[in-house]
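Visitor: Take this structure first; my questions come after.
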Amino acid sequence: MRGRMESQIFHNLNEVSTSLIRAAGKLGDSKRVLQHIAETAEDAFGADICVIFPLNPITGKLISLPTTIGNLRVKNEVLHDEPRPAGLTQLVLKENVVFVEDLEYKPEYHSRFTRKEGIRAVVGLALRPRHSKRSLGIIYLNYRQPKAFSLAEHESFSIFAIEASLLLQEAWLAHSYEEVARIGQEVNQNLATIDDLFQVLKTYIDSTLDNSHVLLLAEFQQQTNKLEIHMHWQDSDISITESLGGACKYVLETQKPQFIRHYSKEAGKLPFKLMPITGVEEKESFIFVPLLLRDLCLGVLSIQHTLPEAYGQDDLFILQALANYISLALHNMHLYQSLNLLNETGQHLTLHLQLKQTLQVAADKIRDAALADIVLLYPYDQAHQRFIAPPQVAGTLYDSYPEFMSPERPNDVVALALLQKEPLFARSLICQFSPTAALRCHSEALH
């Protein structure tokens, strides 16, 4: 008889598993997924009321109000209090599965909700994926009558908790990837410097990853072979330039991520040594991912924690997805900076060309007005106190080149003329040297 009952329980559990997998709505809609899990649990285990407390796996705190399914006696009233430090919630998080067959004999686990709703028996299940220390939520199956639970039922509750955890984990991952996409849009809008990028990243990343200890963004400076490091640690920001080395160098060269779960145990087997940063406490958990754009590695993104086993495989996937957006943002920033530099160079050349054209027009006008054969116009840079070579020439030179006609000696006529308050005139010019030298000694206007 007992074997037949257990067989029926596991047969029903298979049906429950099939029903659980067919979750309505998209996985990113965590509210709908929670409701589906609660409805399935209530129906599968004959509970009067099923309540799920959703937890943020990063902070361990409640994400929203509990999801409640069942026949409530008290409606439109919030009866769920914050979990108590020594209450049932903490026990469930510690033990994963807790059975209270009669609350009358365990009054310390009573709450305002269980008293108002007349609950006598409770099953608490922690929604925690296997090999993970993080909880995604807690399910409470509430019964208004005392209830004894068989070993087979114990097993079925545990299996259900695992399957529900996997479903909720997928929902959390879908939500996280949506958040990563939103962060990606933020970091790719109107950012001029890597510091701007880091500030945006620091603001939004805590919705998807545990950055409570260290968040590090390192940009590789190819010209200097160094890293420009931006780091958030203990509510403060650190910006430093370091020589290329350690894990960052290894990740840049191999273009592969590095996941260190327990550094104290793994240090001897790692192909690199971590480079400690002055003033920052030692860490045990590390994830380093390369910032790749095609085959080019632009830098490294990292999260680090003081506790071992602080991160899971999901954190690695999320960090890699985020790194794709950051790589694109860095590429766009470099492209913008290059275009901006090109634009500034173009403006400088345009201004120089415009100045040269203006000076040439002025020299031509002076020649026409003075009826001169040749006019030499020497531009003078007041800021640097020097003549700008070559001078502008209006007229025809027989055997001279403008680049050789700049004043080189302090007693050249041009240099002397700059010191005079009145114009210099020469009615007759007799030189004993070449026509080019004579021309250099000549004033701009001859009488």
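The values are calculated or read from the model by the stated rules, or taken from the named source; none is laboratory data. From a predicted model like this one, the values you see are computed outputs, not experimental measurements. Here the Cβ positions follow ideal geometry from the backbone for every residue, glycine too, while neighbour counts run over all protein chains shown.
Visitor: Tell me, please, whether a residue that is buried (at least 18 other Cβ atoms within 10 Å of the Cβ), touching a helix residue (DSSP H, G or I) at 6+ places or on another chain (Cβ under 8 Å) and more than 24 Å from GLY60 (Cβ to Cβ) can be found in segment 230-251.
Guide: Within segment 230-251 (the criterion being buried (at least 18 other Cβ atoms within 10 Å of the Cβ), touching a helix residue (DSSP H, G or I) at 6+ places or on another chain (Cβ under 8 Å) and more than 24 Å from GLY60 (Cβ to Cβ)), the answer is yes, since at least one residue qualifies.
Visitor: What are the residues in segment 369-385 that are at pLDDT 80 or above and of a type in the set (D, E, K, R), if any?
Guide: ASP373 - this is the single residue of segment 369-385 that is at pLDDT 80 or above and of a type in the set (D, E, K, R).
Visitor: For segment 204-227, which positions are over 30 Å from LEU173 (Cβ atoms) and in contact (Cβ under 8 Å) with a residue 60 or more places away in the chain?
Guide: Hit for segment 204-227 is LEU227, nothing else.
Visitor: So in segment 204-216, with the set limited to residues that are hydroxyl-bearing (Ser, Thr, Tyr) and not in a loop (DSSP other than H, G, I, E, B), which one is nearest to the chain's Cα centre (by Cα)?
Guide: TYR204
Visitor: Being closer than 19 Å to LEU307 by Cα and buried (at least 17 other Cβ atoms within 10 Å of the Cβ) is the requirement here; does LEU197 meet it?
Guide: Answer is no for this residue.
Visitor: Could you please find all residues in segment 37-78 being within 30 Å of GLU309 (Cβ to Cβ), touching a Leu at 6+ places or on another chain (Cβ under 6 Å) and part of a loop (DSSP other than H, G, I, E, B)?
Guide: Hit for segment 37-78 is PRO57, nothing else.
Visitor: OK, next. Output the residues belonging to segment 386-434 that are modelled with pLDDT of 75 or more and among the β-branched types (Val, Ile, Thr).
Guide: Those that are modelled with pLDDT of 75 or more and among the β-branched types (Val, Ile, Thr): ILE388, VAL393, THR396, VAL413, VAL414.
Visitor: Something else now. Among the residues of segment 24-55, write down those that are within 26 Å of ASP315 (Cα to Cα) and at pLDDT 85 or above.
Guide: Matches in segment 24-55: ARG32, VAL33, LEU34, GLN35, HIS36, ILE37, ILE52, PHE53, PRO54, LEU55.
Here's the yes/no breakdown for (1) modelled with pLDDT of 95 or more; (2) aromatic (Phe, Trp, Tyr):
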residue	(1), (2)
LYS75	no, no
GLU82	no, no
GLU95	no, no
TYR105	no, yes
ALA126	no, no
HIS131	no, no
ASN142	yes, no
HIS154	no, no
PHE160	no, yes
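Visitor: When you scan segment 156-177, do you find a residue that is aromatic (Phe, Trp, Tyr) and more than 24 Å from GLU42 (Cα to Cα), even just one?
Guide: Looking for residues that are aromatic (Phe, Trp, Tyr) and more than 24 Å from GLU42 (Cα to Cα), one finds at least one in segment 156-177, hence yes.
Visitor: Scan segment 131-160 for residues that are surrounded by 22 or more Cβ atoms within 10 Å (Cβ to Cβ) and either of a type in the set (A, V, I, L, M) or free of Cβ contacts under 8 Å to residues at least 60 places away in the same chain (or both) and report the count.
Guide: Number satisfying all stated conditions: 4.
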